[in-house]
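Below is one structure, written out as structure tokens; comments come after it.
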């Protein structure tokens with residue numbers, strides 16, 4: 001039987017249960033004549049009589065009783081599931097999958113989730129850390145978190161953190177042997193720790209800006225890593241200059257373990273944003289998450 005005839009089965013189940021075309025028609029919101037026409041059409045397609053009609057009552061035939069026993073529970077299961085789905089629209093529940101960097105996860109997501117999740121025990125959040133820019137729709141993520149300039153223009157982006165700055169740093173032991181660079185071009189004479197980007201497989205070019213002047217510098221050195229923590233540890237060990245987000249190195253600068261250079265070439269830029277497809281149907285759980293993460297000055 002074609003799917004479009006499921007309504008006919010529902011009409012039959014309603015009549016059989018009510019034992020009356022009048023009550024069934026009222027329940028279904030159709031006329032008695034239309035309901036009778038629907039049942040006749042169903043019986044003709046099946047080649048079986050499903051209902052015995054008298055002037056006072058309607059009852060299922062043997063075939064009708066068998067169909068009722070088989071079909072009615074299925075409609076009950078469907079109605080129950082639809083009711084459960086309706087509750088999800090109203091009750092914050094479900095799993096939200098987010099792709100992000102480890103830095104954003106540690107500094108923004110986890111602190112905010114520590115406040116949100118205890119209040120809503122039916123919400124689960126799965127965080128996957130990755131430096132790559134991936135297709136969140138194809139990979140079935142609900143949202144991603146990246147720096148504002150990295151977010152695609154066709155996404156809805158919600159700011160979840162303040163502006164950030166980059167910092168070029170080196171250890172006292174490193175600068176004991178070399179003079180600090182005065183301008184980005186001087187980096188060509190320094191040992192720098194390179195970061196290999198997993199998205200493209202290439203090395204990250206250090207990005208500087210001063211007023212209207214922008215420079216991308218390809219640096220060189222003996223050490224290449226594919227993670228920011230390793231770059232930081234390399235700088236602390238005196239293996240070369242490192243270039244990373246300012247807040248990762250602030251405590252080391254304050255403690256004298258690292259020295260900052262080229263600070264006037266590192267202006268603030270747009271911080272972390274939560275992004276998701278514009279066509280996404282927002283659930284109560286996702287709406288709560290967005291509101292909890294939204295950056296408020």
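The values are calculated or read from the model by the stated rules, or taken from the named source; none is laboratory data. Predicted model, so just to flag it, every value in this text is computed and none were measured. Using ideal geometry, Cβ is built from the backbone for each residue, glycine included, and neighbour counts are taken over all protein chains shown.
Give region 202-211 a look and list any residue that's out of contact with any strand residue (DSSP E or B) (no Cβ under 6 Å at 6 or more places or on another chain) and in contact (Cβ under 8 Å) with a residue 24 or more places away in the chain, or say none.
Those that are out of contact with any strand residue (DSSP E or B) (no Cβ under 6 Å at 6 or more places or on another chain) and in contact (Cβ under 8 Å) with a residue 24 or more places away in the chain: 209, 210.
Go through region 253-268 and give me each residue that's surrounded by 13 or more Cβ atoms within 10 Å (Cβ to Cβ) and touching a strand residue (DSSP E or B) at 6+ places or on another chain (Cβ under 7 Å).
Result: 253, 258, 259, 260, 261, 262, 265, 266, 267.
Residues in region 100-111 that are surrounded by 16 or more Cβ atoms within 10 Å (Cβ to Cβ) and assigned to a helix (DSSP H, G or I): how many?
6
What residue, among those in region 183-201 that are free of Cβ contacts under 8 Å to residues at least 60 places away in the same chain and exposed (fewer than 12 other Cβ atoms within 10 Å of the Cβ), is farthest from residue 133 (Cα to Cα)?
189
For residue 235, are the conditions met, namely being crowded, with 19+ Cβ neighbours inside 10 Å and at pLDDT below 95?
no
For residue 295, only one of the following conditions fails: (1) part of a loop (DSSP other than H, G, I, E, B); (2) out of contact with any strand residue (DSSP E or B) (no Cβ under 7 Å at 6 or more places or on another chain); (3) under 24 Å from residue 128 (Cα atoms). What is its number?
Going through (1) part of a loop (DSSP other than H, G, I, E, B); (2) out of contact with any strand residue (DSSP E or B) (no Cβ under 7 Å at 6 or more places or on another chain); (3) under 24 Å from residue 128 (Cα atoms) one by one, residue 295 breaks only (2).
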